[in-house]
Structure formats: structure tokens, C-alpha cells
1. Could you please find all residues in the stretch 144-187 being under 23 Å from residue 99 (Cβ atoms), within 16 Å of the chain's Cα centre (by Cα) and among the aliphatic types (A, V, I, L, M)?
2. Could you please tell me which pairs satisfy a Cβ distance under 7 Å, a separation of 6+ or placement on different chains, a first residue in the stretch 97-108 that is within 15 Å of residue 206 (Cα to Cα), and a second residue that is among the acidic types (Asp, Glu)?
3. What about residue 220, is it outside any helix (DSSP H, G or I), at negative phi, surrounded by fewer than 24 Cβ atoms within 10 Å (Cβ to Cβ) and among the β-branched types (Val, Ile, Thr)?
4. Residues of the stretch 219-264 being over 14 Å from the mean Cα position of the chain (by Cα), modelled with pLDDT of 90 or more and β-branched (Val, Ile, Thr), which ones?
5. Given the residues 259, 243, which is the only one that is closer than 21 Å to residue 52 by Cα and among the polar types (S, T, N, Q)?
6. With (1) over 30 Å from residue 32 (Cα atoms); (2) assigned to a loop (DSSP other than H, G, I, E, B); (3) in contact with a helix residue (DSSP H, G or I) (Cβ under 8 Å, 6 or more places away or on another chain) as the list, and residue 159 as the residue in question, which single condition is left unmet?
7. Taking the residues in the stretch 62-114 that are β-branched (Val, Ile, Thr) and outside any loop (DSSP other than H, G, I, E, B) as candidates, determine which candidate is surrounded by the most Cβ atoms within 10 Å (Cβ to Cβ).
8. Of these, 81, 92, which one is hydrophobic (A, V, I, L, M, F, W, C), over 20 Å from residue 254 (Cα atoms) and at pLDDT below 95?
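The values are calculated or read from the model by the stated rules, or taken from the named source; none is laboratory data. Here the structure is a predicted model, which means the values were calculated and not measured. Here the Cβ positions follow ideal geometry from the backbone for every residue, glycine too, while neighbour counts run over all protein chains shown.
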Amino acid sequence: MRLRTSCNIKFEISEPTPFILMLRPRSGNQQWVEREEYKITPSIPVTEFTDNYGNLCQRLIAQPGQFLISTSSEIVTSNFIDQDFGASFVDIQNLPDAVLSYLLPSRYCESDCFYEMSSSITNGHLYGYNQVSAITNWLRDNISYLPGSNNQPLSASQVNIRRFGVCRDFAHLGIALCRSLSIPARIVVGYLYDLEPMDMHAWFEAYVGDRWYTFDATQINSPGGYVILGFGRDAADVAIFNQFGPLVYPTEQLVKVEQISSDT
């Protein structure tokens with residue numbers, strides 16, 4: 001399907017403030033960027049770099065006053081996410097070097113604490129994709145999805161105790177459970193067509209059958225319309241903006257995703 005995405009974020013800046021932004025989609029990973037527009041108001045110098053995970057990031061120093069980020073893009077992406085029940089577990093020695101970091105515990109995904117739990121959830125399931133599917137179903141059945149219930153990232157352990165959260169929380173717990181079974185897993189942030197309520201979205205991917213597959217416990221069935229902005233080990237790696245100095249919250253943030261056509 002062809003989607004038009006837009007994101008407008010407004011800040012009131014009190015003093016010169018360095019920002020790192022991550023708001024540009026990149027072609028690849030089953031998506032193609034046909035058109036893109038990125039405006040910073042007022043106009044200031046911006047530099048771009050690619051981080052350790054391949055994400056496109058922008059650096060700038062916002063000056064005092066109103067600061068507006070406005071992005072839009074037209075993306076071709078799939079109508080459905082790929083599924084492959086039976087896709088095999090990949091032995092550690094056969095994993096690509098770039099995937100190895102997604103096996104390790106990280107700030108919000110304490111995978112070294114979840115082996116017994118993940119083993120219980122996946123007992124009787126084929127190693128690989130079927131284990132991750134069992135974890136996703138368990139999340140959907142046992143964690144309540146409450147958009148807007150949490151503004152700050154929670155660790156997988158905190159989510160497991162709390163038993164409710166936002167999409168990011170589901171991803172953290174899913175990632176930790178997968179990694180505890182030596183299945184590489186990473187968080188993804190971006191847009192999702194028809195998400196209710198509309199906002200930025202987070203899900204996770206697991207590496208089985210020699211490739212990455214999408215899993216999203218907050219959604220039923222296998223909807224398509226995902227647009228990827230960035231990957232990382234957990235939420236600390238995929239913030240759409242990081243600012244340094246006095247804490248600044250957006251005074252306005254508006255996200256839209258519209259379908260242009262259903263063609264794939």
C-alpha cells in the first residue's frame with residue numbers, strides 16, 4: 001500500500017538546546033520512500049549522520065523561541081506483515097555479526113532475568129518463529145494495552161509486574177523474553193496505518209529463519225501498513241528526539257497516516 005505520513009512537533013525553547021532527531025524513514029526493510037519533506041522552523045544549520053543501527057539521525061541546536069519540526073513522506077509498504085510458522089531457530093555460531101548485539105541484555109530489556117518464564121511460555125512449541133509467536137500471544141493475553149498510560153519507558157521487569165502499558169512496553173517485554181531464549185530481538189519505532197489512537201508506534205522484530213520478522217502484540221491478526229523510522233536494542237536507541245540541557249517537552253505533537261492507494 002501507499003501511505004502518506006506526517007509528523008509535526010512544536011517546542012518552546014528557553015535557551016540554546018542541542019537536539020538529535022530520528023524522523024527520516026529510509027528505503028529498504030520492505031519499504032520504499034517515494035517522496036519526503038523535512039522542514040525546520042526557523043531555519044538553522046542541521047547535520048545528518050547514520051547511527052550504529054543504520055538509522056538516519058539529524059543534529060542541530062535549537063535557538064530560544066518557538067521551534068517547529070515538520071516532516072512528511074510517501075511510502076510504499078506491504079499490506080500484510082510476513083509470517084513463517086516453522087521458520088527455524090538460528091544457532092548462535094551461524095548468526096551474522098551485526099545481529100549478535102540483539103542477543104544481549106540492554107537498559108530496558110533485562111533478558112537475563114526471564115529464561116524460566118520464556119521457557120514456560122514456549123514449552124511445546126517449535127524452536128524459532130513459533131516460540132516468538134507464542135510469546136506474542138502471551139503478551140496479548142496477559143498484558144493490557146492502554147495507550148497513553150505511560151509517558152516514560154519502563155523496563156521489561158517493570159512491565160511484567162505492572163501488567164499494562166503502551167506499545168513500547170509490550171516491545172520491551174517481548175524482546176527480553178526472546179533474548180532469554182537466545183533469539184535476537186530488536187525494537188522498531190515508526191508509524192502504523194489505522195492505529196487507534198494515532199501516534200508514533202513501537203513493535204519488535206525477531207531474527208529467525210535467517211531474517212527479521214515483525215511481531216506486534218498490540219494488534220490483532222497481521223495488519224500491514226508499518227513504516228519504519230528506526231531500530232535499536234530498546235527505547236533508549238530509538239527516541240524520535242533527544243534534547244540535552246534543561247528538559248523540554250513538546251507543546252504540540254501531531255501524527256497522521258493516510259492511505260493513498262492499496263497497491264503493493
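1. Answer for the stretch 144-187, where residues must be under 23 Å from residue 99 (Cβ atoms), within 16 Å of the chain's Cα centre (by Cα) and among the aliphatic types (A, V, I, L, M): 156, 171, 173, 175, 176, 185, 187.
2. 105/112
3. In short, yes.
4. 251, 255, 257, 260
5. 243
6. Going through (1) over 30 Å from residue 32 (Cα atoms); (2) assigned to a loop (DSSP other than H, G, I, E, B); (3) in contact with a helix residue (DSSP H, G or I) (Cβ under 8 Å, 6 or more places away or on another chain) one by one, residue 159 breaks only (2).
7. In this case the residue turns out to be 75.
8. 81
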